[in-house]
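What follows is one structure encoded as structure tokens, with my remarks underneath.
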Amino acid sequence: MNDECLILTTGGTIDKIYFDALSSYSIGESEVGKLLNLGHVALPYKIVSLMRKDSLELDDADRALIRKTVEDSSNRMILVTHGTDTMTETGKALTGISGKTIVLTGALLPARFRDNDAIFNIGFALATVQAMPEGVYIGMNGRIHDPHQVRKDRENNCFVEI
């Protein structure tokens, strides 16, 4: 197994670019590489951009591509950046892949915003992918969740156990 962390980017808020005050946006190039450089990350990693979609636009074919990419990878550590609205669905779709630790993370505010949670969440997810046993996890805002036991609380803009 490869000890490099494979980082798969799929889009979501972490990579959103807003154009006006009415919240018109698009998903831009991933900011993850810039964030890792700013953080002087020493862990070897490789970034692969799979798609640039809001998670509400992800479908079963997208989740199948994410799963196949993870299964085909020789990496045991996989970090997936993902929109928060359907992160749990993708986490569930990745369940059962043996020999790998998979962590999904994202942001509630775009990485391009001066004040954001993206930098912390990426760092937290990198620590989680190294520290946890094989399995699938959601690493958001300082908490590690089982995708089968958590939901996004849109009113309070956080993940809560169910």
Selection of trypsin sites (Lys or Arg not before Pro), the range 126-162, meeting DSSP coil and at most 15 other Cβ within 10 Å: ARG154
How big is the Rg/Rh ratio for the range 2-161, C-alpha atoms only, Rh by Kirkwood, two decimals? 0.93
Looking at the range 74-162, which GluC sites (Glu not before Pro) are DSSP coil and have at most 13 other C-beta atoms within 10 Å of their C-beta? GLU134, GLU155
Pairs on different chains or at least eight residues apart, Cα atoms closer than 26 Å: how many lysine pairs in the chain fit? 22
Taking the range 26-133, which trypsin sites (Lys or Arg not before Pro) meet the DSSP loop condition and have no more than 10 other C-beta atoms within 10 Å? ARG114
For the chain, with a Gaussian network of springs between Cα atoms less than 10 Å apart, report the residue from VAL103, VAL150, VAL80 with the top mean-square fluctuation. VAL150
If you take every residue apart from LEU104 with its C-beta less than 11 Å away from the C-beta of LEU104, what net charge results, scoring Lys and Arg +1 and Asp and Glu -1? 0
Nearest 10 degrees, 0 to 90: what angle lies between the long axis of helix 118-131 and the longest principal axis of the chain (Cα atoms)? 10 degrees
Work out from phi, with θ = phi - 60° and the Karplus expression 6.51 cos²θ - 1.76 cosθ + 1.60, the ³J(HN,Hα) of each residue of the range 42-59, listed in order in whole Hz, and give x for Gly and Pro. 8, 5, x, 8, 9, 9, 10, 8, 8, 6, 10, 9, 5, 5, 5, 8, 5, 10
Divide by every residue of the chain the summed helix terms, -39500 (n - 2.57) for each DSSP H run of at least 4, and state the resulting mean residue ellipticity at 222 nm, rounded to the nearest 500 deg cm²/dmol. -7500 deg cm²/dmol
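None of the figures in this text is laboratory data; all of them are computed from the coordinates on show. None of the values given here were measured: they were computed from a predicted structure. All Cβ positions, even for glycine, are placed from backbone atoms using ideal geometry, and neighbour counts span all protein chains on display.
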